[in-house]
Every structure is written in structure tokens, then in C-alpha cells.
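So the structure is just underneath, and the comments pick up after that.
The values are calculated or read from the model by the stated rules, or taken from the named source; none is laboratory data. Keep in mind that what you see is a predicted model, and the values were worked out from it rather than measured. Cβ: placed from backbone, ideal geometry, glycine included. Neighbour counts: every protein chain shown.
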Amino acid sequence: MATHAQPIRQVRTVWRFAAAALGLSMALLGAAHAGEAEIRKSLGERLADLGKIDEVSKTPMAGLYEVRVGTELYYTDEAGNFLIEGHLLETKTRTNLTEERIAKLTAIDFASLPLKDALVWKQGDGSRKLVVFADPNCGYCKKFERDVRQARDLTIYTFLYPILGADSTEKSRNIWCSKDPARTWVDWMVEGKVPAKMMGDCDTSALQRNAALGRKHKVNGTPALVFEDGKRVPGAVSLEQLEKQLVAAKKPA
């Protein structure tokens with residue numbers, strides 16, 4: 001009998017340890033859910049205009065929670081007594097955790113984009129690819145169009161996205177219905193040559209699909225850039241910034 005006592009005690013010890021570990025895990029899980037529930041309750045009651053909270057999650061910073069409303073990020077304590085709007089930086093690596101998170105939330109599957117509805121302009125061998133949502137009357141779009149002409153080996157897919165009024169819509173139609181839409185676009189945006197007025201019938205349903213596509217991905221301003229890795233960048237970036245993003249987008253995941 002003595003020969004079996006030691007193994008039995010070891011088995012009991014292992015089971016007690018496993019039970020304790022499971023109990024601790026359940027307690028931590030319960031605390032996490034309790035924190036999330038408390039945050040949702042507090043913010044929902046006190047800040048109704050904040051909108052529907054889609055997600056509450058812990059951040060790498062002790063005691064700090066991320067609150068996601070759509071693609072907007074806020075930070076709060078475990079009781080929801082304080083709300084912070086701003087960026088969370090990890091100082092050791094100088095990483096902007098907020099920007100990193102938003103980039104993931106707003107990423108677009110490049111392969112899913114309906115490129116047949118875009119103007120296509122190829123520079124060099126066109127091996128690198130970029131999507132741009134642009135309005136023909138957008139000053140920042142014109143600046144970007146001038147700068148991007150200097151980028152090498154790039155295919156630019158431009159979704160006409162007229163959001164600045166009736167004249168933008170008319171110009172978009174005239175450009176889309178021209179004999180050479182991509183050339184007409186560049187002539188207008190870079191050279192200032194006004195596109196000729198559309199004559200006769202023309203299928204402009206692509207412009208309606210572009211508008212729906214932009215709304216789907218919450219494109220609220222122009223230019224809006226989408227790189228091959230799905231990353232979105234709002235605004236007219238410099239040629240140097242563009243080159244960095246193009247290189248990063250080509251790196252294997």
C-alpha cells in the first residue's frame with residue numbers, strides 16, 4: 001500500500017492545483033466581463049450622445065480600457081468614470097497604439113475593390129498599385145495628382161467620388177464619358193484643361209457605385225488613399241510619405 005500512497009498524493013495535488021488555476025482564470029474572466037459591463041452601463045447612462053458602444057477591451061496599460069464606437073476610439077477606467085479622447089503611445093518603441101488600431105479597423109481588402117469602375121493610369125511598369133478616391137474640384141486632390149506623377153512604376157486607380165457639390169458631379173460625368181477618361185482626368189487635375197461637356201447617352205452607373213462604395217467604407221473626405229496591404233491614408237501625402245507607404249505595402253505579411 002505504501003508504494004501507491006505517493007502517486008495518489010501527487011495526483012491529488014495536481015488536481016487541486018488545476019482546480020485553483022481554473023478558479024483563478026474564471027475569476028479573472030469574470031472581473032474582465034464585470035469591468036466591461038460597468039463601463040457600458042456608466043457611459044451609456046452618462047454619455048448617451050457618445051453613440052452605440054461596439055466594443056470594450058483592455059489596453060496594454062494597466063487599468064485602462066479601449067472603448068470603440070464605430071472606428072472612433074476612446075479610453076476609460078474600469079468603472080467608466082473618466083473618458084479620454086486622444087492617442088495612446090507606447091514609449092519603449094515609440095509606437096502610436098491608437099493609430100495602429102485605427103489602421104486595422106479601417107483597412108480595406110484591396111482585392112475586393114471593383115477596379116473596373118476606376119480610372120486607370122500607369123507609370124513605368126505599373127508593378128505597384130494605389131487606389132485613390134478623389135473629387136474633381138478638390139484642391140488637395142489636385143496637389144496630390146501633380147505630386148504622384150513623379151512616382152515610379154505605379155498603377156493608379158482613381159474612383160471618381162464627387163462630394164463637393166453639383167459641379168463636381170457634372171465634371172465627374174464629363175470625365176467618365178469622355179473618349180479617354182484617364183487622360184481627361186489628368187489634363188483637368190494637373191493641367192487645368194476643363195473637360196468637354198458630355199454629349200449624348202453615357203452609362204454613368206459606375207459613379208453611383210463609387211458613391212455607394214465610399215459610403216460603405218466611410219470615406220468622408222478626399223483624397224483618400226488605399227494601398228495594396230489594405231491600409232488607408234486620408235489626405236494628400238507628400239511624395240516621400242507615399243513612397244514609404246508603397247514600399248511597406250509590398251512587404252510580405
Checklist entry - Is it fair to say LEU225 is under 25 Å from GLN150 (Cβ atoms), out of contact with any His (no Cβ under 9 Å at 6 or more places or on another chain), modelled with pLDDT of 95 or more and surrounded by 17 or more Cβ atoms within 10 Å (Cβ to Cβ)? => result yes
Checklist entry - Which one of the conditions (1) farther than 24 Å from GLY124 by Cα; (2) surrounded by fewer than 16 Cβ atoms within 10 Å (Cβ to Cβ); (3) at pLDDT 95 or above; (4) in contact with a helix residue (DSSP H, G or I) (Cβ under 9 Å, 6 or more places away or on another chain) does LYS218 fail to meet, given that it meets all the rest? => result (3)
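Residue-wise test of (1) outside any strand (DSSP E or B); (2) crowded, with 21+ Cβ neighbours inside 10 Å; (3) more than 20 Å from the chain's Cα centre (by Cα).
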| residue | (1), (2), (3) |
| --- | --- |
| ARG101 | yes, no, no |
| PHE133 | no, yes, no |
| LYS143 | yes, no, yes |
| ARG152 | yes, no, yes |
| THR158 | no, yes, no |
Checklist entry - List pairs: first in the stretch 182-198 and without any contact (Cβ under 8 Å) to a residue 60 or more places away in the chain and among the β-branched types (Val, Ile, Thr), second surrounded by fewer than 16 Cβ atoms within 10 Å (Cβ to Cβ) and in a helix (DSSP H, G or I), Cβ under 9 Å, 6+ apart or cross-chain? => result VAL190/ARG146
Checklist entry - Would you say ASP203 is surrounded by fewer than 16 Cβ atoms within 10 Å (Cβ to Cβ) and not assigned by TED's automatic domain parsing to the domain that holds GLU100? => result yes
Checklist entry - Can you pull out the residues in the stretch 34-72 that are touching a Leu at 6+ places or on another chain (Cβ under 8 Å) and within 22 Å of LEU89 (Cβ to Cβ)? => result LYS58, THR59, PRO60, MET61, LEU64, GLU66, VAL67, ARG68, VAL69, THR71
Next on the checklist: Regarding the stretch 215-223, can at least one residue be identified that is within 25 Å of PHE110 (Cβ to Cβ) and of a type in the set (S, T, N, Q)?
Outcome noted: yes
Checklist outcome for this item: Note on ALA211: of the conditions (1) closer than 29 Å to GLU100 by Cβ; (2) of a type outside the set (S, T, N, Q); (3) under 18 Å from the mean Cα position of the chain (by Cα); (4) assigned to a helix (DSSP H, G or I), unmet is (1)
Checklist entry - Just a yes or no: is a residue in the stretch 158-171 touching a residue at least 40 places away in the same chain (Cβ under 8 Å), of a type in the set (Val, Ile, Thr) and over 23 Å from THR106 (Cα atoms)? => result no
Checklist entry - Given (1) surrounded by fewer than 18 Cβ atoms within 10 Å (Cβ to Cβ); (2) in contact with a Leu (Cβ under 7 Å, 6 or more places away or on another chain); (3) within 20 Å of SER172 (Cα to Cα), where does GLY126 come up short, assuming only one miss? => result (3)
